[in-house]
Amino acid sequence: MQIFLLPGICLLLAVPVEATARVMETAGVRSYLRWPLMLAIPGFIVFAGLFSSELPITAEKKAQEQEFYKIKSALLSLRPKVDYEDYIACNLMRPTWIESPRVATIGGSRFTSSSGNEYTLEKQKRRGNISSMSHIDRSKILRILHGAVERSGVVAILGPRQCGKTTLARDFCKSRSDVVFLDLENPGDAARLAEPLFYLERQSGLVVLDEVQLMPQLLPVLRVLADRRPTPAKFLLLGSASPDLVRGASESLAGRVEFLEMSGFGLDEVDGAQDALWWRGGFPRSFLARNDEDARVWLQDFTATFLERDLRKFGIGIPPAALRRLWTVCAHYHGQIWNSSSVAGGLGESSRTVKSHLDILTGTFMLRQLQPWQENLMKRQVKAPKVYLRDTGILHSLLDVPSMDALFAHPKFGASWEGFAIEQICGVAARSQAFYWATHAGAELDLLLFHNGKRLGFECKVADAPRSTKSMHVAIADLRLDHLYVITPREAEFPLSENITASGLQGCLRKLLP
């Protein structure tokens, strides 16, 4: 720019006006054109000096962008061949990144394209490679369990079948030598408890009772043993959340039992493998399967076994076909406000029957009924619960979604992300109260969390560039939120307004962790 600007300034200031006029007179320029020309020529040079330097930059930038998007198209064309444990990244050596839902930015070997631009391109094993995860570090929940056992004489870990309760308990017992482990599905262990009081009162240390819902008659016995002073033994109960178990433990062991809720793997436990956890769900055998097809088959088998065998063990005599129909309807209602009368009419059953079956799915940790929060009695607010399948792997199985790519085009894509994000947040903030909020005027909030004395709001969006909405500002004002987070699949955090922040799910969970 200085090359053009300096001569223009010198010409404008240093050339004598009379000499310039003389040159023009000699050249035959009319007198009324001389002064405009004398000012226009230096001005044009100055103008060119100011703006001509931008033209080559714009052209270069355009050429780079064209090549950049060619590389992006090539990368996206590879996506069907890329498994979850692979990364592909391409970075033009400037602060612009090419990304897709399965593309991450990592360093790698450099190469130079035909235009001379330098790129980074690499394919390697992913951080959080599923195939290498033979064991998941669950140190967080182990610490919570250790504190509970130290505090309470009876601790009950409740969660769905196959979520890893037994493995967790065995890991916990490895550091102790005073453990008696009884699996009540084992006939030999069950025979020892033919006279439960006689056998258990002679034990000391830690007594673990796995699948305790199979012998509900143990609960009154445990109340007697827990009241002994001093207490020679503590009891760790593992149960699959049968309604009878929860009700019986609450009644027989009131004030003596501490409940811990457990689900499948959480995002904070799988080393950032978010897409895989979202698609396969958190059940260990599904998440750690060799490939997506194996995970899909396991989920189908789990669903059938749960309906046909497990529910009977819980003492629930509902026909499996009837409960499967309701479970499938719940999958299609995932993320929506529950309309009991409409569902009952569609299934040909009474509203009371549908509600009873819905409570069974909730009590066995297959379903979450998120209750509405009533804040302002002057506004007409929605009072029915929202329903979510707690495991997105089961959701995708019941919806018959064949692959992650198919999920991107599925009508339940956004609802799937919403349920996944809400389940992860509620899992990290397990002792916080969780609700949703909606008014008949259209304002709504996906999740309201009372956490550490604060009111936090969460909206779950799959948009790459979310924006604040009128509904968000209404929620902040009416609910007196301390902050509202817009949760997206991308790990990027930026403010949308003073009290609204767009954030990735992992970043949000780190804020909630104790």
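A Förster distance of 22 Å, applied to the separation of the beta-carbon atoms of V297 and H332, puts the FRET efficiency at 0.50. Taking each residue as 0.36 nm, the span from L513 to D268 lengthens on full extension beyond its C-alpha to C-alpha distance by 87.3 nm. Of the peptides 336-342, 298-304, 274-280, 326-332, the ranking by mean beta-carbon count within 10 Å, highest at the top, reads 274-280, 326-332, 298-304, 336-342. Once backbone amide H atoms are built at 1.01 Å from N, L260 has A156, I157, L158 as its partners under 5 Å, excluding neighbours fewer than 5 places away on the same chain. A simple charge model with +1 on the Cβ of Lys and Arg, -1 on the Cβ of Asp and Glu and nothing else charged puts the dipole of the range 139-261 at about 400 debye relative to its Cα centre. Residue exposure proxy: C460, C426, ordered by other Cβ atoms within 10 angstrom of their Cβ from fewest to most, comes out as C426, C460. For the range 139-261, the calculated P(r), taken from all Cα-Cα distances in 10 Å bins from zero up to the bin holding the longest distance, is 13, 51, 34, 2 percent.
3J(HN,Hα) along the range 263-278: 10, x, 4, x, 5, 6, 10, 10, 6, x, 7, 5, 4, 5, 5, 4 Hz, from the Karplus curve 6.51 cos²θ - 1.76 cosθ + 1.60 with θ = phi - 60°, whole Hz, x for Gly and Pro. Sites listed here are trypsin sites (Lys or Arg not before Pro) in the range 479-514 whose DSSP assignment is loop and whose Cβ has at most 13 other Cβ atoms within 10 Å: R480. Database remark: amide H of Q336 closer than 5 angstrom to the amide H of V387 (H placed geometrically; neighbours at sequence offset of 5 or more, or on other chains; Pro and chain starts carry no H). The 3J(HN,Hα) values that the Karplus relation (6.51, -1.76, 1.60; θ = phi - 60°) gives for the range 398-404 are, in residue order, 5, 7, 6, 8, x, 7, 5 Hz. Gly and Pro appear as x. Distance between the pseudo-spin-label points of D359 and A321 (7 Å out from Cα toward the beta carbon): 2.6 nm. Taking the number of Cβ atoms within 10 Å of each Cβ as an exposure proxy, the fewest-first ranking of Y199, Y388, Y333 is Y199, Y333, Y388.
Our coupling estimate for the range 160-166, obtained by passing each phi through the Karplus curve with A = 6.51, B = -1.76, C = 1.60 and θ = phi - 60°, is x, 4, 6, 8, x, 5, 5 Hz, Gly and Pro reported as x. Take every DSSP beta bridge whose two residues both sit in the range 307-512, then give the antiparallel share in percent to the nearest 5. Antiparallel bridges make up about 65 percent of those DSSP assigns within the range 307-512. Calculation over all alpha carbon pairs of the range 185-243 in 10 angstrom steps from 0 returns a P(r) of 21, 59, 19, 1 percent. Extending 7 Å from the Cα toward the beta-carbon at both F413 and A304 defines two label points whose distance is 3.1 nm.
Once backbone amide H atoms are built at 1.01 Å from N, Q162 has no partners under 5 Å, excluding neighbours fewer than 5 places away on the same chain. Just flag the trypsin sites (Lys or Arg not before Pro) in the range 372-448 sitting in loop per DSSP whose Cβ has no more than 11 other Cβ atoms within 10 Å. Those satisfying the criteria are R380, K383, R431. For the set K383/K454; K386/K470; K174/K355; K313/K454; K412/K470, the pairs lying more than 31 angstrom apart at their alpha carbons are K174/K355; K313/K454.
A short reminder: the numbers here are calculations on the coordinates, not readings from a lab. Worth saying up front: this structure is predicted, and the values here are computed from it rather than measured. Every residue, glycine among them, receives a Cβ derived from its backbone with ideal geometry; neighbour counts consider all protein chains shown.
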